[in-house]
Amino acid sequence: MGLLRTAIDIHKGEPFYISPAGNSAEKFALKLIELYPELSFLGFIDSFKSNFESGGNIYRVDQVKPENKSNNVIIVIEKNMIRKKIMDTLKKNGFSNLSWIECNFVFEPKANDDNHKDILCFFYDLNVNTLTFEFVNALVHAEAERRKRELKWLHTVIVPKSPDSVFDFSRESILRNNKNALIESDNQWFLYNVIVPSVTLVPSNQGISICSLRDEARILAEHYSGRVFPENYSVDNPMELDSSYRVTDTRYNGSSYGLPLKSGKTAISFVKQWCNARAIDLNKVVSITMREYTLEKDRNSDISAWKCFANRVKSRGLIPVFVKDTYADFNMDDLGDYYVFHVAAWNIMIRMAFYECVYFNMAVNTGPAILSSFNPNVKYLNFIYVSEDDYAGSSIYFEGLGHEIGGQYPDRTPFQFSVWGGSRDCNKIFDAFEAMCELIDNDG
């Protein structure tokens, strides 16, 4: 019969085999019989007998009776070269009625593919938005819009900055302000190691498109017309997303963006492997996320205060584990007496899983801490740097971001809290932690 494009091409009255025995062949057989139970499926043919679990018999190629070799054999295998070898083997053994399927085979032909109508296309335009962890605010904002519009999936599109624009929200702009921030200024590294893996934390996000040219985004915007975010997005006149400025608003039926982030099973397994190899009980781990940045250094973690806190955590029978700033992870430090989970500093998915699995999380207001804010399974205290003597900690600075000092995320759980100030005082850090532990203990 040759190449089969749809199940309709299989003659209903003719018995047939499937070759070889394997995962794809089994899925093909089960789906085919489910849709067309009247078909006469004889079993699988393979070069070797195996213990392959399936609903049909498996016959070794040289054990099929001569009178059955005139029946059709459908070859179901992913690799073209392997398929050709299987067909040659079958022909040498007397099989003459051979057909096969390719990757575009469909069981039931569809007149039109309307799946894209269930997708909200989220455009993150680097002409007007920063290449920073603010992307996560925009991502969960887009997810809230998807839920509001009752669409099934989210698709993220990264739109490159126009080379003609005088505005610059790129990582490279950091270098112009600080000549020591060489590695922090790498756009490509941040895009592929932070932005891309971040979208996997939203279960509804089924894909990401990274456009090389702005015109590519134009084509997507036209294709998804009416189902785009920001609403009425235009490549020629993009508007800056206000996601970070309005994160404390309750615009969605009394809620903000919700808590849509979730780690994957594989990342959780890796976290458990790391802990098991060190005989660490995850239920006793207190993570400490560090900020060790070359910009706005006053916001950085006070290592002495956090080591003091770690020692007091130990005395409580818990296990402090540090997660260093990615950009300083290879630098010499004074953490030799403590566990340091280096992998979490480099892998967004494992970082999220670690935060989700441990007993509690402590952090200062550094970029990755934003991941905790939108995950319902993460318990945390986030210490925010406050100082009217420093612009980066002043009320003016926070007002410019749309936040009030003392404010909290509206959708947070009872075990998620931002502490304004006190990140350099071991006693204040530990007192806040003790209060949260008491809350957790009373809840359980």
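Side notes on the structure shown:
- Residue (of 377, 331, 309) at the positive-pole extreme of segment 271-378, dipole from beta-carbon charges: 377
- Screening the chain for DSSP H helices whose Cα atoms reach 24 Å or more along their own axis and whose mean Kyte hydropathy is at least -0.5 gives 426-443.
- Mean residue ellipticity (222 nm) of the chain, computed from DSSP H runs ≥ 4 via -39,500 (n - 2.57), nearest 500: -9000 deg cm²/dmol
- Over all projection directions, the Cα-based convex hull of segment 2-106 averages an area of 6.0 nm².
- Cα lying deepest toward the dipole's positive end in the chain, options 154, 256, 19, charges on Cβ: 19
- Charged side chains reduced to their Cβ positions (Lys and Arg at +1, Asp and Glu at -1) give segment 265-443 a dipole of some 780 debye around its Cα centre.
- Hydrodynamic radius (Kirkwood) for segment 264-407, which is based on Cα pairs only, to one decimal in Å: 15.9 Å
- Comparing mean-square fluctuations of 331, 80, 187 from a GNM of the chain with C-alpha springs under 10 Å, the top value falls on 80.
- Gyration tensor (alpha-carbon) shape descriptor, segment 190-254, a/c threshold 1.5: oblate
- Scattering from segment 348-388 was approximated by placing one identical point on each alpha carbon and applying the Debye formula without solvent; log10 I(q)/I(0) at 0.22, 0.33 1/Å stands at -0.65, -1.28.
- When each of 284/307; 262/324; 379/428; 161/297; 31/91 is checked by Cα-Cα distance, pairs over 20 Å: 262/324; 161/297; 31/91
- Counting beta carbons within 10 Å around each of 351, 171 and listing the fewest first gives the order 171, 351.
Values in this text are rule-based calculations from the coordinates and carry no lab data. Owing to the predicted nature of the structure, the values given are computational and were not obtained by experimental measurement. Because the Cβ atoms are built from the backbone with ideal geometry, glycine has one as well, and the counts that use them run over all protein chains shown.
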